[in-house]
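One structure is given below, encoded as structure tokens.
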Amino acid sequence: MKPFSEDLLAKLANTTVAPPDTRPRVLLGAEEVDGVRERARATPGFVDNLVEAAKGASASEDLFGAEPELPYFCQTPLRVLANAAFILEDEAFAARALEGVEVMFSFPPEEWVARPHRPMRCDHAMLNVASAIGISTDLCSPLWKADAVASISERINAYTVARFLETWEKQDAHWSSPNYHWNWKIMCCGEMGTAAIACAEAISDLDAVMRASLAGCLDILDFVPPEGDWAEGPGYWLGTLGHGVKFGVGLRRATGGAVDLFQHPALRETGDYIVHVTEPDGQVYNFNDNGISLGPSLDYLLLLANLNRRGDWARTARASDHATVERLVWDDPSLEDAIPGETSRSYPTTGVVTMRSGWDDQATFVGLKSGSSAVGHSQLDANSFVVSSRGERLLIDEGIWPYGHDLGFFDSGGGRRWNFDGNGTIGHNTLMVDGEGQRYGADYPGRIVSFDGSEEVDVTVADATAAYGGRLRQYLRTLAFLKPDVVLVYDRVSSDEPRLFEWLFHHRADVSGDERLTRFERNGVTLSLSRVIPEHMECWRMSDVKRTSTYTESNQFQPRRVSIEYRSFGPFHPCREIQALWGIHVGDASDRPEFDASIEEVTATVRVLFGDGDERVVSLSG
């Protein structure tokens with residue numbers, strides 16, 4: 001544990017945790033209530049949207065139907081009702097929220113655990129539910145009878161505290177192990193801490209819960225690299241970091257500011273990571289098991305922006321329009337949006353480089369991924385890249401597929417996970433070898449070799465040689481972004497024996513052209529892909545592929561139908577080595593430049609010739 005964390009735990013040991021008697025006391029204090037309600041009324045459409053959402057939540061079949069869903073799937077309607085009751089001081093919504101809480105308690109604690117996680121004693125789903133009920137109770141308590149609040153608090157204690165502490169002390173769940181440093185730990189510990197502060201009067205061993213909750217959150221924050229990134233990806237990071245952040249807000253208030261998680265160095269850096277992996281369309285670079293939307297998780301970035309006075313973080317967080325109590329509480333209108341300084345950033349621990357032509361919503365964005373697969377929610381994507389421009393995603397990462405726990409979706413070591421196309425190499429813009437992808441594990445990493453950024457051109461070199469488990473002697477990818485609209489991808493590939501090599505380019509676009517020049521067009525935006533090297537190639541194959549998979553996802557057991565789509569190229573005879581150079585241009589096809597290249601040993605010199613007579617020369621090497 002790092003010195004800051006040791007000191008903060010020692011401070012907690014010498015501090016009385018005493019949540020205020022007044023409510024609310026978790027996300028906000030009683031002194032903030034009038035201001036939050038005033039901001040809600042002053043925000044165009046906020047109240048109307050909240051009312052409509054609460055009416056929908058009141059009729060939720062998941063929560064109020066004849067056969068209610070498990071509590072884990074009922075958190076959203078409950079929180080919507082609680083938010084509406086709090087903001088509007090609406091007794092009907094408050095009463096309906098209380099009914100929802102009782103529905104959730106109609107399930108025994110064993111059924112608060114998510115189906116795929118059973119027979120675990122305590123999992124994140126159980127503690128997510130406890131936190132949702134705790135926050136709802138905190139917001140609605142002025143509208144509920146005191147005996148109802150007390151009863152809920154007692155049952156939160158009975159359902160969760162002993163299970164959480166036993167799991168933490170015995171270290172017999174993966175998330176409670178001292179050797180586990182992924183998102184479950186901060187999710188479980190943060191959520192238990194939040195629920196305990198909300199229900200403190202009934203928590204049987206509040207000090208033990210606070211110690212374990214804080215220790216778990218600090219363990220994860222200590223594991224954050226100096227650059228502030230998180231290898232699982234932005235969605236798994238910001239969403240689960242938020243569970244620690246909520247707890248941090250409540251703990252700071254409950255200790256009179258003495259125990260302040262927000263002084264941790266990671267929370268002063270990690271907002272930069274979210275900013276730089278956010279693409280110009282306001283959504284994120286969706287490598288690993290990440291979707292493109294961060295949604296309400298951006299509220300936590302708003303909080304960090306407020307605390308660190310970072311207008312660039314606030315600008316990114318405000319790009320998503322949604323109505324939550326957290327946004328009203330944590331978005332400080334006096335903090336003005338600011339444009340970030342750097343347009344490119346390297347995250348070597350995660351194995352991600354992000355590059356862009358500017359910070360407007362029409363800018364071109366290029367992302368490259370080449371890191372270890374031995375991380376949570378990883379995919380076999382070493383040396384993959386994406387390109388977006390003018391608000392359109394043109395060369396894409398296929399992103400997250402629906403979970404299928406019982407079908408091997410998380411069977412990384414056994415290999416079944418990689419048969420889901422979105423998880424395997426076949427779902428990414430990288431190289432297939434003999435029709436096979438990369439291997440999983442710490443012994444088969446990709447890595448960022450170097451990165452050099454400037455105003456005119458960014459160049460990064462990545463190495464995926466080891467990812468193919470000995471089948472390759474070399475796979476170096478050099479990617480150069482000539483701002484604003486040209487990307488060069490130079491690959492050097494070799495093997496000790498002849499192999500088939502196939503380059504994949506994933507898209508959701510209208511595709512035209514041939515093996516020398518391909519155009520991907522999406523909503524009027526064109527990306528042109530030129531094969532520059534090899535210039536002349538006999539026995540060359542081009543394929544257009546759409547693969548569709550059907551299976552039953554494991555959260556609510558619904559049938560799902562998902563696809564990947566790509567154009568691929570490569571020689572159809574095996575070879576021992578090959579160099580390939582791809583020239584990419586985004587914009588009007590008539591503005592596409594000509595590419596001319598020469599290779600000497602390990603360096604490609606590329607001349608990019610534009611129609612207006614401009615010429616740019618770039619040397620690419622590993």
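The values are calculated or read from the model by the stated rules, or taken from the named source; none is laboratory data. Remember, predicted model here, so these are calculated numbers, not experimental data. Cβ sites come from the backbone with ideal geometry, for glycine too, and all protein chains shown count toward neighbours. Note: accessible area is taken over every heavy atom of the protein model, side chains too, but ligands, DNA and RNA are not part of it. Shrake-Rupley method; radii C 1.70, N 1.55, O 1.52, S 1.80 Å.
Here are the numbers for this structure:
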| quantity | calculated |
| --- | --- |
| Protection proxy ranking, peptides 334-344, 430-440, average beta carbon neighbours within 10 Å, highest first | 430-440, 334-344 |
| Added length on full extension, which subtracts the Cα-Cα distance from 0.36 nm per residue, Ala374 to Asp361 | 1.3 nm |
| Rounded accessible area per residue of the range 34-112, 1.4 Å, Å² | 47 |
| Under 15 Å from Lys11, Cα to Cα: aspartates and glutamates that are on another chain or at least 8 residues apart | Asp207, Asp260 |
| Highest-first arrangement of 380-387, 178-185, 484-491, where packing means the average Cβ count within 10 Å | 380-387, 484-491, 178-185 |
| Apportionment of accessible area to carbon and sulfur, the range 392-457, percent (1.4 Å) | 43 |
| Solvent exposure of the range 421-493 as accessible area per residue, Å², 1.4 Å probe | 32 |
| Hz values of 3J(HN,Hα) by residue in the range 260-268 - Karplus curve (6.51, -1.76, 1.60), Gly and Pro given as x | 10, 4, 6, 7, 5, x, 4, 6, 9 |
| FRET efficiency, 1/(1 + (r/R0)^6) with R0 60 Å, evaluated for Glu497 and Asn308 via beta carbons | 0.65 |
| Helix 206-222 axis, angle to the chain major axis (alpha carbon atoms, nearest 10°) | 10 |
| Accessible-area composition of the range 14-150, carbon plus sulfur, in percent [1.4 Å probe] | 50 |
| Ratio of Rg to Rh over the chain (Cα coordinates, Kirkwood Rh, two decimals) | 1.00 |
| Above-threshold pairs, the threshold being 28 Å between Cα atoms, out of Lys55/Lys246; Lys2/Lys170; Lys2/Lys246; Lys246/Lys369 | Lys246/Lys369 |
| Acute angle (nearest 10 degrees) that the helix 146-156 long axis makes with the longest principal axis of the chain, alpha-carbon atoms | 50 |
| Degrees separating the helix 234-254 axis from the principal Cα axis of the chain, which is the longest one | 30 |
| Environment charge at Ser549 (Cβ cut-off 12 Å; Lys +1, Arg +1, Asp -1, Glu -1) | +1 |
| Residues in the range 178-206 reached by a label modelled at Glu6 [backbone nitrogen below 19 Å; 7 Å Cα→Cβ] | 178-179 |
| Ranked packing of 33-44, 195-206, most packed first, by mean Cβ within 10 Å | 195-206, 33-44 |
